[in-house]
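Structure, as structure tokens:
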Amino acid sequence: MIPGEEGIKQIIKTYQESFARKVYGEENEDHDVVMDMFGLVPAVKRENRQYWGRELGMCWQLVVTELFRATAKDFKPAYREGDDELCDLISGTDAIDTKYRVGSGDSGTLKKFKQYGKRLIDLGFRPVLLIVREDNLAAAIGACNAGGWKVYTGTSTFRYIQDKTGVDLKSWLISLGSEFHVIR
């Protein structure tokens with residue numbers, strides 16, 4: 001049992017049910033712990049990359065936020081200015097944004113990474129980006145770095161989370177086994 005486990009499992013269960021109902025109508029064999037949690041194979045993800053990237057990303061964001069809410073005494077929710085959400089959560093002086101994968105190199109996305117990072121620094125925060133996957137677009141990572149973000153990917157993301165929360169989230173997600181596998 002980990003802090004916030006009930007809430008985290010409910011988030012995962014909601015996504016499991018949504019994924020099981022999804023019908024939709026490029027070659028990458030890489031997988032990650034979030035895909036494995038749902039029993040998703042790359043072939044299924046390729047059926048609609050945009051859908052899976054968006055949904056796995058939102059699930060990741062909600063899981064990380066819930067874990068920090070349950071464990072970090074200095075947790076604060078997303079920081080917003082007007083319609084802009086500059087980060088997903090705050091822990092101490094770290095303004096944390098979560099991403100499943102950064103694959104967009106469009107100018108609007110790159111501009112936001114730069115602007116949001118600089119604005120968070122101006123507000124006294126250290127912008128931190130926690131990305132599940134390792135296969136991110138180099139231009140997007142470069143824009144994050146240019147904006148002052150401390151970027152973690154793959155194993156380093158899970159190490160950061162464990163250092164901050166005391167929870168080995170990767171091992172815990174793996175321990176779920178087939179509990180949340182999607183059956184379609």
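Derivation of every value follows stated rules applied to the coordinates shown; laboratory data play no part. Being a predicted model, the structure only gives us computed values, none of them experimental. Positions of Cβ are backbone-derived with ideal geometry, glycine not excepted, and every protein chain shown enters the neighbour counts.
Observations
- Assigned charges on the beta-carbon of Lys, Arg, Asp, Glu; the chain dipole about Cα centre (debye): 300
- Shown here are the Rg and Dmax of the Cα trace of the chain, at 16.2, 47 Å.
- For ARG126, distant residues with modelled amide H under 5 Å away: ASP94, ALA95
- Computed over neighbours whose Cβ is under 14 Å from that of GLU179, the net charge equals -2, Lys and Arg +1, Asp and Glu -1.
- Close amide H partners of GLY103, meaning residues 5 or more places away or on another chain with modelled amide H under 5 Å apart, are LEU137.
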